[in-house]
1. State, as an integer percentage, the relative contact order of chain B based on alpha-carbon contacts under 8 Å between residues 6 or more apart.
2. log₁₀ I(q)/I(0) of the protein assembly as shown at q = 0.09, 0.11, 0.12 Å⁻¹, via Debye over equal Cα point scatterers, no solvent, to two decimals?
3. If the label point is 7 Å along Cα→Cβ of A:N64, which residues in segment B:322-339 have backbone nitrogen under 20 Å from it?
4. Suppose the chain between B:K362 and B:A415 were pulled fully straight at 0.36 nm per residue; how much longer would it get relative to their current alpha carbon spacing?
5. Kindly put B:T4, B:T122, A:T21 in sequence by how many other C-beta atoms sit within 10 Å of each C-beta, fewest to most.
6. What fraction, in whole percent, of alpha-carbon pairs in segment B:341-465 exceed 25 Å separation?
7. Kindly put B:K8, A:K6 in sequence by how many other C-beta atoms sit within 10 Å of each C-beta, fewest to most.
8. When the C-alpha atoms of segment B:117-226 are aligned to their principal axes, what extent does each axis show, in angstrom, from largest down?
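Nothing in this text is a laboratory measurement; each read-out follows from the coordinates by a stated rule. Predicted, not measured: the structure shown is a model, and the values here were computed from it. When we count neighbours, we look across all protein chains shown, and the Cβ atoms used for this are built from the backbone with ideal geometry, even at glycine.
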Amino acid sequence: MLPIIKHEGIVIPLDRSNVDTDAIIPKQFLKSIKKSGFGPNLFDEWRYLDQGEPGKESVVRIINPEFVLNKPQYKNGTILLARENFGCGSSREHAPWALLDFGIRIILAPSFADIFYGNCFKNGILPIPINKNLTDTFFEKAESEEGLRLNIDLENQKIVDGSDGYSFDIDTFKKYCLLEGLDEIDLTLKHKADIKNFENNYHSQFPWLTK
Amino acid sequence: MASTLYEKIFKRHVVREDNNTFLIYIDRHLIHEVTSPQAFEGLRNANRPIWRTNSILAVPDHNVPTTDRNQGILDPVSKIQVDTLDSNCNQYKLTQFKMNDRRQGIVHVIGPEQGSTLPGMTIVCGDSHTSTHGAFGSLAMGIGTSEVEHVLATQCLIVRKFKTMQINVEGLAGDNISAKDIALHIIGQIGTAGGNGYAIEFSGTAIKDLSMEGRMTLCNMAIEAGSRAGLVGVDSKTVDYLKGRPFSPNGDLWNKAVDDWRDLVSDRGANFDKVINIDASIIEPQVTWGTSPEMVCGINEAIPNPEQQLKESNKKGYERALEYMGLEQGTNITDIYLDKIFIGSCTNSRIEDLRVAANIVKKRKVAKNIKQALVVPGSGLVKMQAEKEGLDKIFIEAGFEWREPGCSMCLAMNADRLEKQERCASTSNRNFEGRQGQGGRTHLVSPQMAAAAAIHGRFVDVREIE
C-alpha cells in the first residue's frame, strides 16, 4: 500500500451530500476482477453525458463540461472536498480504487459512511472528517478563481492552508498503518498463535460453530 | 453488569485488544462473485492459505441471469466474474452453490435459509447488506475486499467497537404495514447517516411481532440508516426458524446451542449510547420520492417543499433529487405513475414477501401502462416453495414475469434494468441515482405496495384495496 506522510495538492470541490458508492463507481464497472483501471470511470454518470460501459475508451466519451472534475482548474486535483455522509451505500472497494486510480489521496468531508471510511485506509487514501464551518470555508476558497491548495501533514495531524493550520483526529492504528504503508494481514499473522489458541478454546466452548 | 446483545457477541469474539483496536474472530464468511476476485488474487500473490475453509459459503448472485440459464451467461464480462468465483472455489475447495444449483440465490437469502447464519455468530461478507443476518442475534456486517482477503487469511478482522443504539418500536403496526415500512419510516426519522458508527438493536413489541423474514428485511435496511450492523435478540421465532436446516446443529448439539442462544438478548437495564422510540401504530405505507432512502413519506402525503428544509445542503439535495426523479414538490404520491415493477432483492424476496404480493395481485391484472413487472425470488428454494403454493401462476396470470433467483434489478449488474427516465416501484433497498440503470427512477416500497402499484399503474394505499 502507498504510504501517506505529507501531501500537497489542489482541492476539488464536489458540492454534494450523501455521495454514494454507486455514484463514485457505477455497477457495470464492478465486473472487473482487477483493482486498477477504474479511474476513467470515477463518477461516470456525472462526468460523461453518454452511457459508460466496461471497455468503452474514455476518448470516445461525451464529457459533461459542467461537472467539477472536468473543469480545467481541477484536472490535477488530488484532494476531494465533499459534504456530509460521503461514501454511503454499498461496501464496494472499487470506490476507493477508482478514486486512487484517478489520483485522489485525501478526502475532506464533514462525515463519512463507515465501510467506505475503512476501505480508504486499506488503499492509501486518507479521509479526514472536518467541521461544517471549515467545510464551508474550504468550499468558498476552492470554488474561487484562485482555487485552494492544501498541505496535509499526517504525522502531526494537521491541514495547512497557507499560514492557517487545522488539526484533525485519526485512529492511532490507522495512522500508523498509513504512515508506514503496512499490510494489515502481515500484522495480524504475527498473532497467529493467539488466533489458534483462541479458536481452539472457542470451538470447545461452542462446538456447533465448527462447521 | 447488564450488557447489550452487541456487547455480548463482541466479547465472545475478542482474540486480542490493543489500545481499543480489537482483533475479532469471524465464524461465517459469505462470498459472492463481485467483491471476492481481488481478495483471492491477493491471497495467491502473497502465497497465503485460507485459514478455515469450512467457515465459507460462496454463491454467485449479482451477475447471474434471471431468465433461462441453459445458455449460460451471455454478457462476457459477467461470465468472467462468475467463472472466476467457480475457479477460486474449486482451487480452495470451498462450499459453493453454483448458478444452476437449486440452492443458489442471493447470498443474504441463502445464508439463513441454509441455517448457515446462527445466533451469536460473527458473520461477514463483502456486501453492505450483510446486516440482514443480524436478525438472528448475530453480529453481521459488510466489509470491503481488503477485509475479505484479511478474513480469508486470518479468520479475523481488525475493528473498533461500535457505539450502540436501541431503536424501540412499540405498539401494533396496522394491517399491511410491513417490516419495510417500519425500516423506511425509521430512516426517514434518523436519516441515512443517523446510524453511522452504531450497531442498531431493534426491539419492542412491534419487532417481536415480526416474522424472521420481517426481521431480516429490517436488519437489511440498517445499512441504509448508516449502520453496518442491525440486530434483533433471539426468541422462540429465531429458534423455530433454524430447526432442521442443513447447516443448523442437530441432536445433542442443537439442545446445547439453543440453551446458549437464549442468553443472546440485551439484559434488562443494559445501557445503550442512544435510544430512539418509535410508535408503530402511526406508520403508514412508505414510498420514497427522491434519490436517498431518507427521502421518504407516507402514501397519503405529498412531496415536500425543498425550501422548507432547514439545512442548506438538504435544500440543494432535495432540489437535485426532484430534478433527477422528474417530480415536483406538492405532487401527491398517489399521482405518481410507474413504468416498471420490481419485486425481489435481499430486502424483499423471501417466501413471505412473495405470498403477500401474490395475495394482492390474485385475480387481478397488471395495469396497461406498466411495461414490465418482475418477480425475482431470492433463492431457488424460495422459488420452488412459491411454485408449490401456486404463487408463480398467480403472478404470471396477472401479467408478471416469473424469474430465476438473483440480485437482478436491485442493482442491474445483469440484464434486468431500467432505461433512462423509467420509473419503478421497487422492493429493493437503494434509490440512488442510476442504481437500477442509468437515468432510472426508483421508488422504494414494500412488496404489498409494489403489487398494488402494479395493478393500478400508480401508487395506491394498499390498505384501500378490497
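1. Computed value for chain B: 17 percent relative contact order.
2. For the requested q values the scattering log ratios are -0.72, -1.13, -1.37.
3. Only B:322-328 pass the distance filter.
4. 16.3 nm
5. B:T4, B:T122, A:T21
6. Beyond 25 Å sits 14 percent of the P(r) for segment B:341-465.
7. In order of increasing Cβ crowding within 10 Å: A:K6, B:K8.
8. Between the extreme Cα coordinates on each principal axis of segment B:117-226 lie 48, 27, 19 Å.
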